[in-house]
Amino acid sequence: MASYKTLSSSLNWATGLGNTGTTTLVTSSGLGSDCGTLVPHFVNTTLALEQPVVLLSFAQTYNHYLHIMRKMGVNLSKHSGMHFINGLTQNDLSSLPAATRPALTLHNKWPEFFRYLSRLPGCTLILDGLCLLSDTQGLEKAVWFFEACQRIVEQTGGRLVVTVYLDEWTEQLVKRLIRRAHYYLAFEALGSGTAAEVSGQLKAAPAHLYCQISAREKEFKPAMLHYKVSDSTVQFFSPGQSRIVL
């Protein structure tokens, strides 16, 4: 299993997740960095807490996530709390085997999706690759969809996680989302160049809405970690330290 405990400890996330009602924005920029690296962590941690996960992907098919999680020792098809929404294609996928069939194909079915989400209180909603919605339907549509999802998640005591690939075309989207997020995690290429033992670095900082979190909660600490991605693990460690799988 990946050493996400190192990351959670560094951020003072006692459960491995942000507080309920919060939004976490995850971006990646630079050669080799991938904001999707954290998706398995949010999925597995939420399921371990016996809470539902809604994974809406604009970037990948369900098989992609099933394959990654299987390598990490997790069989998603056995978890009734796992709900996958197809945002990648417009095709009817109802004929797929039950284990790989999405619960819903989005394709502009906004009201149907919002009703589905509202019936899952306390869920972690993951919008993987929201920038692709911005590419196809425009910036304002992507921001509207994000804000609608955020309102539902806040009202039902859940959490929202959004991943965006940051470049010159998505910069405005990221700026808009940061203003509506509590936590900001940025995957970047190493400033010193490539290294065999390090895939890149992760910078974590409070985002614009962090000040609204109760002062009684543990403080979210800005952090900078290095990470290494291998075939079945993701290892986070402090710069200058050797990587350890926890």
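The values are calculated or read from the model by the stated rules, or taken from the named source; none is laboratory data. These figures come from a predicted structure and were not determined experimentally. Cβ placement follows ideal geometry from the backbone for every residue including glycine, while neighbour counts extend to all protein chains displayed. Heads up: the accessible areas ignore ligands, DNA and RNA and are worked out on the full protein's heavy atoms, side chains in. Shrake-Rupley method; radii C 1.70, N 1.55, O 1.52, S 1.80 Å.
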Answer residue from segment 224-246, given it is more than 13 Å from F187 (Cα to Cα) and charged (D, E, K, R) and is modelled with the highest pLDDT among those: D231
First in segment 141-165 and farther than 14 Å from Y183 by Cβ, second anywhere and among the charged types (D, E, K, R) and not in a loop (DSSP other than H, G, I, E, B), Cβ under 6 Å, 6 or more apart: V143/R176
Close pairs from segment 71-95: first buried (at least 19 other Cβ atoms within 10 Å of the Cβ), partner at pLDDT below 90, Cβ under 8 Å, at least 6 apart: N86/L93
Only listed residue being assigned to a strand (DSSP E or B), of a type outside the set (F, W, Y), touching a strand residue (DSSP E or B) at 6+ places or on another chain (Cβ under 8 Å) and surrounded by 14 or more Cβ atoms within 10 Å (Cβ to Cβ), chosen from V153, V164: V164
Filter result (open to solvent by 50 Å² or more (accessible area, probe 1.4 Å) and of a type in the set (S, T, Y)) within segment 133-150: T136
Only one of L17, L31, L7, L55 that is part of a strand (DSSP E or B) and closer than 20 Å to Y184 by Cα: L55
Flag for P111 being open to solvent by less than 80 Å² (accessible area, probe 1.4 Å), without any contact (Cβ under 8 Å) to a residue 60 or more places away in the chain and assigned to a helix (DSSP H, G or I): yes
Tally, over segment 18-27, of residues that are more than 15 Å from F236 (Cβ to Cβ) and surrounded by 20 or more Cβ atoms within 10 Å (Cβ to Cβ): 6
